[in-house]
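A short reminder: the numbers here are calculations on the coordinates, not readings from a lab. Quick caveat: nothing in here was measured; it's all calculated off a predicted structure. Methodologically, a virtual Cβ is constructed for each residue, glycine included, from the backbone with ideal geometry; neighbour enumeration extends over all protein chains shown.
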Amino acid sequence: MHEDINTKATNLVRNVLEEAGLEDRLLALKETARSAEEAAKAIGVEVGAIVKTLIFTIEEVPIAALISGDRQCNMESLPHLLGKEEAAKRPNANEVKAITGYSIGAVSPLGLNPNIPIFIDDALGRFQKIWAAAGHTHLVMGLSFDELVRLTKGQVRADLGLG
């Protein structure tokens, strides 16, 4: 296990899980889980069972898209979800940290600013258990699809993922 796994970011995730009675869902990894492929290999699951928490901005408004690890985000659908015209943009690493409080490769879908709209790829519902970053490259959490939806208050979309 990585020695600095107790950080402000991971404690935020732990607090959200504790409040929901799900504190036992965390899994510390020996290997990093900075990408869906790395996470799937480290956990021993299909890549599709990994939640990619992607941050975009549309007309300066941050948005989170939770995409199944084996799919790409349909960026063209994002502006329409907010009733905007401008194309979605990918912020740089510093901007992602400022928006979420998490570093790229460890962005958790939990503990995000409640003003950030969250949209969830319905393809994640294919799996009994899905895995998402928990604020650190060596820490993940396992949840059911319904738990992810409930904890994030995200909107499930069929048009969010491609592939």
Q) Taking only DSSP H segments of four or more residues, each worth -39500 (n - 2.57), what value at 222 nm results for the chain once the sum is divided by all its residues, to the nearest 500 deg cm²/dmol? A) -6500 deg cm²/dmol
Q.
Using Cβ counts within 10 Å as a stand-in for footprinting exposure, how do Glu60, Glu38, Glu31 rank, fewest first?
A. Glu60, Glu31, Glu38
Q | Spatially proximal lysines relative to Lys97 (Cα-Cα < 17 Å; intrachain offsets below 8 disregarded) | A | Lys8, Lys52, Lys89
Q) Could you give the distance between the Cα centres of the range 30-85 and the range 92-163, to the whole Å? A) 7 Å
(Q) Given 10 °C and 1.306 mPa s, compute D for the range 1-69 with the Stokes-Einstein relation, Rh being the Kirkwood radius over Cα pairs; round to the nearest whole µm²/s. (A) 114 µm²/s
Q: Could you tell me how many degrees, from 0 to 90 and to the nearest 10, lie between the Cα long axis of helix 8-19 and the main elongation axis, the longest principal axis, of the Cα atoms of the chain?
A: 90 degrees
Q. Contour minus end-to-end for Gln128 and Leu82, with contour as 0.36 nm per residue of separation and end-to-end as the Cα-Cα distance?
A. 13.6 nm
Q. Looking at (i) 133; (ii) 100; (iii) 196, which value of volume of the Cα convex hull per residue in Å³ comes from a calculation on the structure shown?
A. (ii)
Q | Rounded to whole Hz, the Karplus (6.51, -1.76, 1.60) HN-Hα couplings of the range 40-51, x for glycine and proline | A | 4, 5, 5, 8, x, 10, 5, 4, x, 7, 9, 8
